[in-house]
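The values are calculated or read from the model by the stated rules, or taken from the named source; none is laboratory data. From a predicted model like this one, the values you see are computed outputs, not experimental measurements. Cβ placement follows ideal geometry from the backbone for every residue including glycine, while neighbour counts extend to all protein chains displayed.
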Amino acid sequence: MTEKPDHIPLALSSLGWTSFFEDQLTSDEDAMERLRIATVHRSRMSAQSPDGQVKLALPVGMKTTDFAVGDWIIAEPQTHMVVRRLDRHALLQRKTEGARFPQLIASNVDTLFIVTSCNDDFNPARLERYLALANEAGTDPVIVLTKADKVAETSSYVETASALQRGLKVVTLNAKIADAADTLAPWCGAGQTVALVGSSGVGKSTLLNTLAAKTGDEAQLTGGIREDDAKGRHTTTSRSLHKIKGGGWVIDTPGIRTLHLADMSEGLDILFAEITELAPNCRFRDCTHAHEPGCAIQAAVSDGRIDPARLERWRKLQEENNANTPDKTGPKSNQTPKRRGKRR
């Protein structure tokens with residue numbers, strides 16, 4: 001009788017490996033390890049291999065800041081020394097105050113779960129910032145409304161969130177129960193990668209524990225919220241890659257208090273499609289959509305097709321994005337070609 005092995009290696013495809021990455025390899029690299037970055041710290045990194053997590057070694061001149069959780073790399077089989085990072089099909093990054101280059105959030109993410117809760121944390125203007133982030137990265141956004149069990153009805157939250165972008169998917173759930181994993185299952189299948197973003201205290205860590213079936217010492221720390229303003233406390237302090245029950249992978253991220261927009265013009269165009277599609281119909285090419293005669297957007301506001309509050313938020317985000325966007329954002333090595341539509 002043949003003994004059953006204690007561990008069955010995962011297929012690379014189960015880790016998210018696709019022809020997009022395979023096609024980047026040269027014939028000289030066939031013998032190299034294909035690994036996926038699982039954690040990134042200031043002086044060290046780990047990666048997910050078909051056989052489990054491994055510690056990585058970096059050659060002289062290569063920095064951990066060049067990598068994001070979710071990246072695919074090739075490495076020496078015996079030493080796990082990184083040889084190079086493969087091109088990304090999607091990269092989530094954000095501008096931070098005083099930083100020369102943007103902060104890398106996660107890469108090669110298929111679906112971005114934008115997590116907010118059915119309480120005072122729910123903020124359409126903030127959700128629009130996350131949607132612009134997802135759109136710019138080429139990642140499909142889904143609004144996840146947590147704490148649905150704490151309110152009498154969720155329809156008003158769903159209606160408001162759904163109106164923020166065409167075709168936007170919105171789901172409600174209680175992150176603490178197993179049914180939450182069933183609700184999100186369509187995006188969490190084998191080889192699929194999702195990331196969780198949102199403010200502190202909305203239930204990201206709780207949702208991760210539910211999706212990944214983590215309990216006891218394995219579970220991510222969770223924290224409550226202040227009852228007076230529904231603000232949460234940071235419980236996740238770094239980004240990490242975790243296996244999901246459905247066969248996919250989830251990247252958890254620390255809560256983001258402020259998301260500054262920079263280099264997100266395409267993301268804003270997708271987010272505010274009802275505005276950007278009308279702009280070419282204005283009489284003047286340089287119309288500010290504020291007071292000019294023959295403004296197609298002001299006409300749409302007048303007849304109720306565009307919400308004036310949404311137009312004002314569009315104007316504010318456009319101004320912020322223009323002010324924060326230099327000629328080039330970040331080093332060339334961290335640029336990612338824009339992906340529109342599904343890659344599968």
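Taken over the range 12-30, the criterion of being assigned to a loop (DSSP other than H, G, I, E, B), of a type outside the set (S, T, N, Q) and at pLDDT 95 or above is satisfied by GLY16, TRP17, ASP23, LEU25. Can you spot a residue in the range 221-234 that is buried (at least 17 other Cβ atoms within 10 Å of the Cβ) and either of a type in the set (Lys, Arg) or at pLDDT 90 or above (or both)? Looking through the range 221-234, none of the residues is buried (at least 17 other Cβ atoms within 10 Å of the Cβ) and either of a type in the set (Lys, Arg) or at pLDDT 90 or above (or both). Counted as qualifying within the range 129-200 are the strands (runs of 3 or more DSSP E) with 1 or more residues that are under 16 Å from the mean Cα position of the chain (by Cα) and farther than 21 Å from ASN119 by Cα, namely 140-146, 193-197.
Of all residues in the range 173-186, those satisfying the criterion of being buried (at least 21 other Cβ atoms within 10 Å of the Cβ) and either in the same structural domain as TRP314 (by TED's automatic domain parsing) or of a type outside the set (Gly, Ala, Ser) (or both) are LEU173, LEU184. Pairs meeting the criteria (first residue in the range 262-288 and part of a loop (DSSP other than H, G, I, E, B), second residue among the hydroxyl-bearing types (Ser, Thr, Tyr), beta carbons under 9 Å, at least 6 apart or on different chains) are ALA262/THR325; ALA262/THR329; ASP263/THR325; ASP263/THR329; MET264/THR325.
Just one of (1) surrounded by fewer than 16 Cβ atoms within 10 Å (Cβ to Cβ); (2) within 26 Å of LEU133 (Cα to Cα); (3) modelled with pLDDT of 95 or more; (4) in contact with a Ser or Thr (Cβ under 6 Å, 6 or more places away or on another chain) fails for GLN103. It is (3). Going by the conditions given, is GLN93 part of a strand (DSSP E or B), under 22 Å from MET264 (Cα atoms) and in contact with a helix residue (DSSP H, G or I) (Cβ under 8 Å, 6 or more places away or on another chain)? It is true that GLN93 is part of a strand (DSSP E or B), under 22 Å from MET264 (Cα atoms) and in contact with a helix residue (DSSP H, G or I) (Cβ under 8 Å, 6 or more places away or on another chain). In the set (1) in contact with a strand residue (DSSP E or B) (Cβ under 8 Å, 6 or more places away or on another chain); (2) modelled with pLDDT of 95 or more, the condition left unmet by ASN334 is number (2).
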